[in-house]
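Asker: What follows is a structure written as C-alpha cells; I'll ask about it next.
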C-alpha cells in the first residue's frame, strides 16, 4: 500500500515541475503524504521510522499550504490540513482549518464532522454535538458523523444516546472499530457485560484502539 502513495507522490511531483501553479498537484501531494504517514503510523515499524512519519505529516502540511497559497478558497486543502493537524494532536490548528473550511463552504458535512470530533476530544461537548448534528442534517446516516456524535455523547456521559449512535453507525459499517469500542465502553458504564464483547472485537480489528481512546480522554 505504501508503494501506491510513493507512486502518487512521484506523479504529483512531476506534475508540479511541469506546472508550478497546478493547485490539484499540490493537493494531491498533501493527500499522498498524509495517507503515507497515517499508514506508517498504523504499521508496526521500528522506532527509527517514527521520525519519517512526522516528516511526512509535515510535508503534507506544507503541500496543503502551497495549494492554499495559490487558491485561498480551496476547501479540500483546509480539510486535509486540518486532518493532519488532528493526527498530530495539534487541535488548535486543526480547529482553525475546519473553521475556515466551514466559513468557505457551510454545506460541507465533512468539515462539520471533523470539527465535531476535535471539539469532542478537547471537551467542548455541546459545540461538538451541534457540529455533528449539522453534519448529519447535510448527510443523513453518515457513519462517520454518527460515530463522532456517539463519541461526544460518551464523553458527556449520555450512554444511551452514545449506544444508539454507535449501533446505527455499525449497521452501516459493521467493522467500524471506533464505534464497537465506544459502544462497548458505554455498555460497560451501564453495567451491561455485553460491552466486553464489543471491546474484544474492536481490539481485534484495531489493536491500538484502546490507546487511541485513552489519548482522546477515555
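The values are calculated or read from the model by the stated rules, or taken from the named source; none is laboratory data. Remember, it's a predicted structure, so these values are computed and weren't measured experimentally. Positions of Cβ are generated from backbone atoms using ideal geometry, with glycine treated the same way; all protein chains shown enter the neighbour counts.
Asker: How many of the residues in region 65-91 are part of a helix (DSSP H, G or I), more than 20 Å from residue 113 (Cα to Cα) and in contact (Cβ under 8 Å) with a residue 12 or more places away in the chain?
Answerer: 5
Asker: Scanning for something within 19 Å of residue 83 (Cα to Cα) and touching a helix residue (DSSP H, G or I) at 6+ places or on another chain (Cβ under 8 Å), does region 151-159 turn up at least one residue?
Answerer: So far as region 151-159 goes, yes, one or more of its residues are within 19 Å of residue 83 (Cα to Cα) and touching a helix residue (DSSP H, G or I) at 6+ places or on another chain (Cβ under 8 Å).
Asker: Still on this structure, please answer the following. Among residues belonging to region 17-42 that are at pLDDT below 85 and under 17 Å from the mean Cα position of the chain (by Cα), point out the one that is nearest to residue 86 (Cα to Cα).
Answerer: 38
Asker: Looking only at region 201-211, filter to residues that are touching a helix residue (DSSP H, G or I) at 6+ places or on another chain (Cβ under 8 Å) and without any contact (Cβ under 8 Å) to a residue 40 or more places away in the chain; which one of those is surrounded by the most Cβ atoms within 10 Å (Cβ to Cβ)? Outline the logic, then answer.
Answerer: We begin by selecting, within region 201-211, every residue touching a helix residue (DSSP H, G or I) at 6+ places or on another chain (Cβ under 8 Å); these are 201-203, 205-206, 208-210.
Then drop every residue that is not without any contact (Cβ under 8 Å) to a residue 40 or more places away in the chain, which leaves 201-203, 205-206, 209-210.
Values: 201: 16, 202: 24, 203: 16, 205: 14, 206: 18, 209: 19, 210: 15.
The residue in question is 202.
Residues are listed down the side, and each one gets a yes or a no for (1) surrounded by fewer than 16 Cβ atoms within 10 Å (Cβ to Cβ); (2) within 19 Å of residue 102 (Cβ to Cβ); (3) touching a strand residue (DSSP E or B) at 6+ places or on another chain (Cβ under 7 Å):
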site: 138; (1), (2), (3): no, yes, no
site: 142; (1), (2), (3): no, yes, no
site: 161; (1), (2), (3): no, no, no
site: 175; (1), (2), (3): yes, no, no
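Asker: Look at residue 94 and say whether it is crowded, with 18+ Cβ neighbours inside 10 Å, in a helix (DSSP H, G or I) and at pLDDT below 95.
Answerer: Criteria not met by residue 94.
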